Each structure stands twice: as structure tokens, then as C-alpha cells.
Amino acid sequence: MEYLRNEMKMEFLALSANEGFARVAVGAFVAGLNPTVDELADLKTAVSEAVTNCIIHGYEQQEGKIWLSCCIEGRQVEITVADTGKGIKDIEQAREPLFTTKPELERSGMGFAFMEAFMDEVEVVSEPRKGTSVMMRKTIGEG
Amino acid sequence: MEHKYEKEYGCLILRMPAELDHHQSEFFKEEADQLLLKYPVRSLIFDFMDTCFMDSSGIGVIIGRCKNVRFSGGYVKAVHLNEQINRIFQLSGLKKIIEVE
Ligand SMILES: Nc1ncnc2c1ncn2[C@@H]1O[C@H](COP(=O)(O)OP(=O)(O)O)[C@@H](O)[C@H]1O
Ligand SMILES: [Mg+2]
């Protein structure tokens, strides 16, 4: 397969209706890498988790914008999802499975756990009152 | 929610939405809770026949709907999971608390 280098960036409102849009957009963008059904599901689930977190936690369902970028380098996909919302005080604690600050909304606290399970690498950068950025990488076609 | 549920012999079958994410969960939760209020059934079946996607939002939705049924000693089951949803059930530990068929 020829070496692919491609990149896209998008900006959209923090509306729950855009969760599905973000998943489909990333799915379509990586189609050239011929991901398997499982790999595609992994990417979509990770994107869904990151975007949903911006909406529910970053902006607490108030107005806001979300930035999503996707970069393809060979067989590696790098996805970054960012908000300028509330930010995270303790990132290590936030990443623990089952930890959630919104149990009243029936959140399961499994979002970061899924991003970690479905992607090869997950990096979180966040500052209270400034926002959060989640960068995730996955190599496609490793079998 | 017509045609989206069936009720027989104290068992409610809930047809899950096409994509069980945060967005579609909100509508589903409301409808499901209304049904559970109207028909205080002993058993609950989540039917994923029409569902192609689920993320961690779906886990909270399922556990939340189970609670009332479990209090009354009924059983809860999930049916027709696709491969992606099956993995979500496995990874989250949902499989340990809900029978999957
Ligand atoms: N974009 C974000 N902005 C602010 N807080 C966040 C963000 N993403 C995650 N968090 C924090 O990390 C916690 C864990 O996130 P996650 O694992 O997705 O579980 P859940 O969304 O079910 O709470 C959240 O409850 C929240 O406190
Ligand atoms: Mg989450």
C-alpha cells in the first residue's frame, strides 16, 4: 500500500446530535486505510467517548465548541478532540475506570477506560477553567 | 413508542435505539421509564435487534433501567447484540450482571 499522509480538522457546536456526526466523519476519513470492521468500531467508540465528554463534562451541556482533528501517517491514525470548557482537576483520577463526577446523569465512568482499551495510546492535557484536549493514536492493519 | 415494545406475562421487551450513545439515550430513557411506570413488570428484556452502536453512555442507561426490576426480584436479559456491542458488554462487566443471549 502506498504511504498515506492526510489530515483534517473540524469545528462543531457541543450538541449531542453531533456525537454521531463526529463518529461518521472520522469513519469516512480513515476509509482509505481499509480498516477492519472491528478497527472502525474501535475508532468510532473512542471518538464518541471523547466528544460526549466535551459536551457533558467540559461544557456541562451549555453552549460551546468542539475541535476535532484527524491525522493519518502511514498506517497510524491520530485523533485529537478538544474543548475550552471546565477542565479536569485530577487527570489520573478521571482516567480510573468507574470514576465519574456525574453519577446523577447515570454516567458509568467507563469513557476513558474504553478510549484506552480501543486505542493504542491516549494522552490527556487539561487545565481547570481552560479546557481539555484528548489525543489518541491507533495503528490500523496490525491484525 | 408504539411498536417499540412488547409486553407479555409480566415481561417488558424494550427495543433499543439504532445507536445507544448519549444523544439517543436521552430519548430512550424517558420512554423506557414511562413504560416501566405504566407496566410495573417483573422482567425486562433489552432487544438490540436494531442497534448497531453503543458506547459507555449505554451502560448507565441499562443499569439505571435494571434497578427497579431487580428490586422486585425479576430477571433482566439482553438479546441480539452485534459484535461491537458484545465487546462493550464484556469490557464493562455488564455481562456479569445481565444475562446475554
Ligand atoms: N472534556 C472534559 N472536560 C471536563 N471533565 C472531563 C472531560 N472528560 C472527562 N472529564 C472528567 O473525567 C471523568 C471520567 O470520564 P469518563 O471516564 O468518560 O466517565 P463519565 O463520562 O462516565 O463520567 C468525568 O466524570 C469528568 O469528571
Ligand atoms: Mg465519558
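Values computed for the structure shown
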{"item": "Chain B - percent relative contact order, Cα under 8 Å, separation 6 or more", "result": "28"}
{"item": "Carbon + sulfur, % of accessible area of the protein assembly as shown - ligands and nucleic acids excluded, 1.4 Å", "result": "51"}
{"item": "Global form of chain A, assessed from the alpha-carbon gyration tensor, a/c cut-off 1.5", "result": "prolate"}
{"item": "Summed buried accessible surface, chains B and A, 1.4 Å probe, nearest 100 Å²", "result": "1700"}
{"item": "Gap separating the Cα centres of the range A:69-143 and the range A:1-61, nearest whole Å", "result": "12"}
{"item": "For B:20-26, mean number of other protein chain Cβ atoms within 10 Å", "result": "6"}
{"item": "Karplus (6.51, -1.76, 1.60) ³J(HN,Hα), θ = phi - 60°, over the range A:121-130, in Hz, Gly and Pro reported as x", "result": "8, 9, 10, 10, 10, 7, 9, x, 6, 9"}
{"item": "Rounded D (µm²/s) - the range B:5-100, Kirkwood Rh over Cα pairs, Stokes-Einstein at 37 °C, 0.692 mPa s", "result": "249"}
{"item": "Mean separation of Cα contacts under 8 Å (6+ apart) over length of the range A:5-139, as relative contact order %", "result": "27"}
{"item": "Residues of type lysines that B:Lys95 reaches as a straight line, Cα spacing below 30 Å, ignoring anything fewer than 8 places off in the same chain", "result": "A:Lys44, A:Lys102, A:Lys138, B:Lys4, B:Lys7, B:Lys29, B:Lys38, B:Lys67, B:Lys77"}
{"item": "Residues of the protein assembly as shown: accessible area per residue with a 1.4 Å probe, Å²", "result": "51"}
{"item": "DSSP bridge orientation in the protein assembly as shown - percent antiparallel, rounded to nearest 5", "result": "75"}
{"item": "Most mobile listed residue (B:Arg15, B:Arg70, B:Arg42) in chain B, GNM with C-alpha springs under 10 Å", "result": "B:Arg70"}
{"item": "DSSP-loop GluC sites (Glu not before Pro) across the range A:91-143, with at most 11 other Cβ within 10 angstrom", "result": "A:Glu142"}
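The values are calculated or read from the model by the stated rules, or taken from the named source; none is laboratory data. Because the structure is predicted, anything quoted here is derived from the model rather than measured. No Cβ is skipped: glycine too gets one built from the backbone with ideal geometry, and neighbour counts run over all protein chains shown. These area figures cover heavy atoms from the full protein model, side chains too; ligands, DNA and RNA do not enter into them. Shrake-Rupley method; radii C 1.70, N 1.55, O 1.52, S 1.80 Å.
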